[in-house]
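Novice: Pasting a structure here, questions to come.
The values are calculated or read from the model by the stated rules, or taken from the named source; none is laboratory data. It should be emphasised that the depicted structure is a prediction, and the values quoted were computed from it without experimental measurement. Here the Cβ positions follow ideal geometry from the backbone for every residue, glycine too, while neighbour counts run over all protein chains shown.
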Amino acid sequence: MKKLLPIIYLLLFSGLLYMQEAHAKDYTNSIGMKFKNISAGSFYMGSCKPTEHQKIIGITPKCLSGGPGDIAAANYEFPEHQVHITKDFQMAVYEVTLGQFKQFIDEAGRDDLLVGNFKKNNSHGDSAAVNSVSWHDAQAFISWLNKKEGGNHYRLPTEAEWEYAARAGTTTIYSWGNSESEAIHYAWYQKNAYDVGEQYSHSVGQKQPNPWGLYDMHGNVWEWVQDWYSENYYLNSPVNDPQGPSSGQVRGARGGSWYYSVRSLRSALREFNPPSLRNYIIGFRLLRQP
């Protein structure tokens, strides 16, 4: 037994070092934004949609992911296709808050952003997800933060990175499963926000997180992504780290919002808007590349 003790201690110490190293990959930046390490991996992006024939006669489609067919899927969500995320990244645990965005406005001298609609739509506290910011505004925030901290670590996630993080290893319609009734525990959406008079973005982190510890990936505000939007995003798209088309007219957004129904919360649902649009249902979340 005495001979085994050093080995046992070594194994325990090695395990402790491993856990500390894994934990150290999570990150909190200079303005208090928390990031969760997301390991590289593969997943099936998009939806598996039953054909009209299958729906009529009640046949369940054989989905590549092993997940269920999604009758709510739009044509621009399928076919589901395998994607490889080849590098670890860090995803913000929460959407960018009003308080964090106000720091940018103050330090960057962007008083021009304090227009009537911005002030009106962002009047529910500094912990609420910022809204009424365009894709260009998000890029300005990112440039300020990169300059503030040195380097070029921050950006918006691509559509593929966003969906990979939102699914968090699941193949179900939502990261919590397939039940629409469970949405109330994980998201701000029409039923528990708009319909009860809470028609605004809510404080982040009040609902349950997804399996990877990310909050409000479903609901609260739509989140801008980096990509130009392409309706047929699976055609001629690389399997490894797809970036979207090189040009376009509109930018992608993901996740649903407090204004929309539960169907808008689906992990595969895609939205798109002009990058200049400032709307009270759109905000953003950052990705950090270590």
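Novice: Among the residues of the range 78-98, is there at least one that is in a helix (DSSP H, G or I) and touching a strand residue (DSSP E or B) at 6+ places or on another chain (Cβ under 6 Å)? Before the answer, list the steps.
Specialist: Of all residues in the range 78-98, those in a helix (DSSP H, G or I) come to 98.
Narrowing further to those that are touching a strand residue (DSSP E or B) at 6+ places or on another chain (Cβ under 6 Å): 98.
Yes, the range 78-98 contains a residue that is in a helix (DSSP H, G or I) and touching a strand residue (DSSP E or B) at 6+ places or on another chain (Cβ under 6 Å).
Novice: Out of the strands (runs of 3 or more DSSP E) lying entirely within the range 221-288, which hold 3 or more residues that are buried (at least 17 other Cβ atoms within 10 Å of the Cβ), in contact with a Pro (Cβ under 7 Å, 6 or more places away or on another chain) and not hydroxyl-bearing (Ser, Thr, Tyr)? So that I can check it myself, show each step before the final result.
Specialist: Working: elements: 222-228, 251-254, 270-273, 282-284.
Filter on the range 221-288 gives 222-228.
Novice: Filter the range 202-219 down to the residues that are in contact with a Phe, Trp or Tyr (Cβ under 7 Å, 6 or more places away or on another chain) and either basic (Lys, Arg) or farther than 21 Å from ILE142 by Cα (or both) and list them by number. Reasoning before the result, please.
Specialist: Of the residues in the range 202-219, the ones in contact with a Phe, Trp or Tyr (Cβ under 7 Å, 6 or more places away or on another chain) are 202, 204-205, 207-209, 215-216, 218-219.
Listed by number, the residues that qualify are HIS202, GLY205, LYS207, GLN208, PRO209, HIS218, GLY219.
Novice: If you don't mind, another one. Of the residues SER123, SER127, SER132, which single one is surrounded by fewer than 19 Cβ atoms within 10 Å (Cβ to Cβ) and touching a helix residue (DSSP H, G or I) at 6+ places or on another chain (Cβ under 7 Å)?
Specialist: On the way: SER123 fails: touching a helix residue (DSSP H, G or I) at 6+ places or on another chain (Cβ under 7 Å); SER132 fails: surrounded by fewer than 19 Cβ atoms within 10 Å (Cβ to Cβ).
One residue alone meets the criteria, SER127.
Novice: To continue, here is another question. Looking only at the range 205-220, count every residue that is out of contact with any His (no Cβ under 9 Å at 6 or more places or on another chain) and either β-branched (Val, Ile, Thr) or over 12 Å from LEU265 (Cα atoms) (or both) and tell me the total.
Specialist: Selection size over the range 205-220: 8.
Novice: Go through the range 184-201 and give me each residue that's in a loop (DSSP other than H, G, I, E, B), of a type in the set (D, E, K, R) and farther than 21 Å from ARG270 by Cα.
Specialist: Step one: list which residues in the range 184-201 are in a loop (DSSP other than H, G, I, E, B), which gives 186-193, 197-201.
After this cut, where a residue has to be of a type in the set (D, E, K, R) as well, the list is 191, 198.
Passing the criteria: only GLU198.
Novice: Taking interchain pairs and intrachain pairs at least six residues apart, which have beta carbon atoms under 6 angstrom, with the first residue in the range 215-232 and under 20 Å from GLN90 (Cβ atoms) and aliphatic (A, V, I, L, M) and the second modelled with pLDDT of 95 or more and assigned to a strand (DSSP E or B)?
Specialist: VAL225/GLY252; VAL225/ARG254
Novice: Go through the range 80-94 and give me each residue that's closer than 22 Å to GLY177 by Cα, surrounded by 15 or more Cβ atoms within 10 Å (Cβ to Cβ) and not β-branched (Val, Ile, Thr). Lay out the reasoning, then the answer.
Specialist: Restricting attention to the range 80-94, the residues satisfying the condition of being closer than 22 Å to GLY177 by Cα are 80-83, 91, 93-94.
With the extra rule that they be surrounded by 15 or more Cβ atoms within 10 Å (Cβ to Cβ), the set shrinks to 80-81, 83, 91, 93-94.
Hits for the range 80-94 are GLU80, HIS81, MET91, TYR94.
Novice: Also, quick follow-up: Could you list, in sequence order, all residues of the range 165-191 that are of a type outside the set (Lys, Arg), closer than 22 Å to TYR280 by Cα and surrounded by fewer than 18 Cβ atoms within 10 Å (Cβ to Cβ)?
Specialist: Listed by number, the list holds a single entry, ILE184.
Novice: Can you say whether GLY151 is assigned to a loop (DSSP other than H, G, I, E, B) and over 16 Å from the mean Cα position of the chain (by Cα), as far as the supplied structure shows?
Specialist: yes
Novice: Which residues, taken from the range 154-183, are of a type in the set (Ser, Thr, Tyr) and either assigned to a loop (DSSP other than H, G, I, E, B) or within 16 Å of the chain's Cα centre (by Cα) (or both)? Can you show your working first?
Specialist: Restricting attention to the range 154-183, the residues satisfying the condition of being of a type in the set (Ser, Thr, Tyr) are 154, 158, 164, 170-172, 174-175, 179, 181.
The answer is TYR154, THR158, TYR164, THR170, THR171, THR172, TYR174, SER175, SER179.
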